[in-house]
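Structure first, then comments.
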Amino acid sequence: MIAQSIVEERSSTAVPRMDAAVANPVEINDLTVAYRDNPVLQDIDLTVPEGKLAAIIGPNGAGKSTLIKAVLGLVPTVAGSVRIYGKPYAQQRRLIGYVPQRNSVDWDFPTTALDVVMMGTYGRLGWIRRPGKAERDFAMHCLAQVGMDGYADRQISQLSGGQQQRVFLARALAQNAHIYFMDEPFVGVDAVTERAIVALLRELQRQGKTVICVHHDLDSAPDYFDWVALLNVRLIASGPFETTFTADNLRKTYGGTMKAAIEHFQHFEEDRRGSRIEN
Amino acid sequence: MGGLIELFTDYTLRNVALGSALLGVVSGVLGCFAVLRRQGLLGDALAHAALPGICLAYLLTASKTPVVLLLGAAVAGWLATLLILQIVKHTRISEDGALGIVLSTFFAFGIVLLTFITKRSDAHQSGLDKFLFGQAATLVEEHVITMAALGGAALGMVALLYKEFKLLAFDAPFAASLGFDTNVLSVLLTSLIVIAIVIGLQTVGVVLMAAMLIGPAVAARQWTDRLGVMIILAALFGAGAGVAGALISVSDKGIPTGPMIILSLTVIVLCSLFFAPARGLVWDALRRTRQRAALAK
């Protein structure tokens with residue numbers, strides 16, 4: 001199901017990694033994000049090493065998605081800095097692939113699976129330039145990598161939830177990135193899609209890419225990932241699964257604050273809905 | 001048949017038909033983006049907000065030149081947009097609440113100004129009340145040229161930034177992550193919607209203009225699953241409804257044009273809702289009945 005060649009052969013032509021030997025793919029220093037007076041993320045110091053399949057794990061309202069959005073510059077930060085291979089995100093956009101939460105878009109939008117995947121090439125194209133045959137072909141290859149090439153011309157609302165998720169993954173592949181940020185890619189998907197995503201993650205790792213996933217399922221996390229960051233507004237612990245994913249750390253992440261965290265999250269969600277007009 | 005020949009020879013009719021076709025095309029195209037971004041209501045607020053702009057422009061310049069009045073409308077629409085964005089950003093009032101407040105406040109102020117102007121009743125009757133429900137018969141060549149210039153510019157921008165607007169409408173955060181400035185794009189798109197509204201004000205009027213944005217897009221969506229096709233269909237539906245409504249209203253001087261255009265549009269929207277092949281309600285019901293029959297066997 002996963003054709004490995006495409007992403008690999010394209011990578012050589014992509015932007016070279018900046019000082020890959022010395023700089024880590026993602027370095028977050030003292031990052032704080034607040035909504036009104038409430039911190040959503042506080043003093044996050046997090047470094048993800050090269051080539052890891054990293055999971056960001058924590059309770060609802062822990063700021064997992066916000067952490068990704070802060071790295072990508074999608075939410076304003078109060079303090080702190082983010083470095084991608086040693087440089088600010090704005091200079092390293094072409095090295096990043098992003099898979100937003102599936103339910104963040106309207107799937108009844110009048111467009112096809114292939115067209116959505118082609119959006120992954122828009123960043124390289126820049127303003128005004130339209131995608132051509134090269135982008136179309138590459139998008140088809142990306143669809144094939146998630147086993148969706150047979151659905152290229154389907155309207156996206158006629159896909160199952162899992163298929164939609166795979167289209168989103170293919171769109172990130174079309175970004176031809178070195179680091180992939182994925183927001184809950186396993187939520188609400190069927191078994192076929194789950195296997196496809198796991199295979200894809202492994203394949204990306206084999207190619208030396210770094211993947212950072214928001215993940216909520218504690219049971220499956222150790223099987224899918226080899227590196228973990230435990231988050232609950234503050235960073236509780238981060239590192240390889242064996243040493244980090246301990247009962248003690250999990251208790252620190254989930255214990256006690258569950259109720260406050262949920263309330264917090266609901267406020268944030270309300271605000272997000274309220275501010276949609278700005279987008 | 002005689003009416004059709006008149007359309008090409010009669011000066012007034014030609015202006016009316018051209019003007020309404022233009023407004024239909026422009027509002028149809030931009031309405032697609034407004035509807036897909038769930039900003040139909042924003043169009044309504046902008047249209048209502050244009051009224052005080054028109055009145056103030058007239059009071060300040062004592063001119064009925066379309067460019068002056070439409071500029072007033074555009075500025076007022078713009079101010080309303082900014083106000084709505086600021087209210088949502090800095091208060092806890094929700095988007096629809098802010099839209100409602102701004103829409104009614106601007107419109108109320110517009111009505112007060114309009115009444116004042118009508119009462120003052122200068123030697124040359126202002127004729128501004130035509131902007132409430134539209135009067136296509138008042139379209140002259142100068143208006144049509146202004147509309148064509150504005151509309152052409154708006155459509156040109158859409159053609160140029162089609163890829164960016166599509167991405168913005170589908171997944172704005174993803175667009176931002178790619179490095180597209182979504183604030184700039186969003187403001188630009190809203191400005192183009194303001195232009196579409198301004199073009200339609202004289203013909204359709206501020207009260208019903210929002211329907212010209214929403215109607216063609218909603219109808220077109222029924223027939224296709226491709227954005228490109230949807231935009232072309234919306235342009236055609238908009239033009240069709242515009243011309244039909246305008247000609248009906250001109251044929252009898254008492255009827256305001258806006259309501260006639262919107263009623264023509266409603267016919268198109270209803271046909272689309274019921275009979276469009278994939279999404280039509282009639283076929284939906286038929287499919288369900290057949291399935292039920294198949295299950296009963």
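Every number here is computed from the coordinates shown, using simple stated rules; none is lab data. Predicted model only: the values in this text are computed from it and were never measured. Reconstructed Cβ throughout: ideal geometry from the backbone, glycine too, with neighbour counts over all protein chains shown.
If you look at just the Cα atoms of region B:2-209, how large are its Rg and its Dmax in Å?
17.9, 59
Could you go through region B:206-217 in sequence order and give the Karplus-derived ³J(HN,Hα) for each residue, using 6.51 cos²θ - 1.76 cosθ + 1.60 with θ = phi - 60°, rounded to whole Hz, and x for Gly and Pro?
Each residue's phi maps through the Karplus curve to give 5, 5, 10, 4, 4, 4, 5, 7, 7, x, x, 5 Hz.
Within 10 Å, Cβ to Cβ, of A:TRP127, how many net charges do the neighbouring residues add up to if Lys/Arg are +1 and Asp/Glu are -1?
Numbers: positive: A:ARG129, B:LYS163; negative: B:GLU164, B:ASP181.
Residues close to A:TRP127 contribute a combined charge of 0.
What is the sum of charges around A:ALA79, taking Lys and Arg as +1, Asp and Glu as -1, for the other residues whose C-beta is under 13 Å from the C-beta of A:ALA79?
On the way: positive: none; negative: A:ASP30, A:ASP43, A:ASP45.
Result for the neighbourhood of A:ALA79: -3.
Can you tell me the relative contact order of region A:36-164? Whole percent, Cα pairs under 8 Å, sequence separation 6 or more. Working shown, then result.
Details: 75 pairs, mean separation 25.1, N = 129.
The value is 19 percent.
What percent do you get for the relative contact order of chain B when only Cα pairs under 8 Å and 6+ apart count?
For chain B, the relative contact order is 30 percent.
Please name which of B:ALA45, B:ALA148, B:ILE195 has its Cα lying farthest along the dipole of region B:2-209 towards the positive end, using unit charges on Cβ (Lys, Arg +1; Asp, Glu -1) and the Cα centre as origin.
Among B:ALA45, B:ALA148, B:ILE195, the one farthest towards the positive end of the dipole of region B:2-209 is B:ALA45.
Within the set of other residues whose C-beta is less than 13 Å from the C-beta of A:LEU53, count the net charge using Lys and Arg as +1 and Asp and Glu as -1. Numbers along the way, then the final one.
Numbers: positive: A:LYS52, A:ARG202, A:ARG206, A:LYS209; negative: A:GLU50, A:GLU203, A:ASP223, A:ASP226.
Neighbourhood net charge equals 0.
Which value, in debye to the nearest 20, gives the size of the charge dipole of region B:2-209 about its Cα centre, when Lys and Arg are +1 and Asp and Glu are -1 at the Cβ?
Working: 11 positive and 12 negative charges, 67 e Å.
About 320 debye.
Only Lys, Arg, Asp and Glu count, each charged at its Cβ (+1, +1, -1, -1), so figure out the dipole size of region A:136-217 about its Cα centre, rounded to 20 debye. Write out the running numbers ahead of the final one.
Values: 8 positive and 9 negative charges, 46 e Å.
That gives a dipole near 220 debye.
Quick one: of A:LYS209/B:LYS89; A:LYS69/B:LYS166; A:LYS69/A:LYS252; A:LYS52/B:LYS89; A:LYS133/A:LYS209; A:LYS69/B:LYS163, which pairs are farther than 31 Å apart, Cα to Cα? Before the final figure, lay out each step's value.
Working: A:LYS209/B:LYS89 38 Å; A:LYS69/B:LYS166 21 Å; A:LYS69/A:LYS252 24 Å; A:LYS52/B:LYS89 38 Å; A:LYS133/A:LYS209 26 Å; A:LYS69/B:LYS163 23 Å.
Checking Cα-Cα distances, A:LYS209/B:LYS89; A:LYS52/B:LYS89 exceed 31 Å.
To the nearest 20 Debye, how big is the dipole of the protein assembly as shown about its Cα centre, given +1 on the beta carbon of each Lys and Arg and -1 on that of each Asp and Glu?
Numbers: 50 positive and 47 negative charges, 129 e Å.
That gives a dipole near 620 debye.
Got the relative contact order for region A:180-254 handy, in percent, Cα pairs under 8 Å and 6 or more residues apart? Before the final figure, lay out the partial values.
Values: 66 pairs, mean separation 18.5, N = 75.
This gives 25 percent for region A:180-254.
Only counting other Cβ atoms within 10 Å, I'd like A:SER104, B:SER264, B:SER272 sorted with the fewest neighbours first.
On the way: A:SER104 15, B:SER264 24, B:SER272 21.
Listed from fewest to most nearby Cβ atoms, that is A:SER104, B:SER272, B:SER264.
Could you work out how far the C-alpha centroid of region A:54-111 sits from that of region A:169-198, in angstrom?
14
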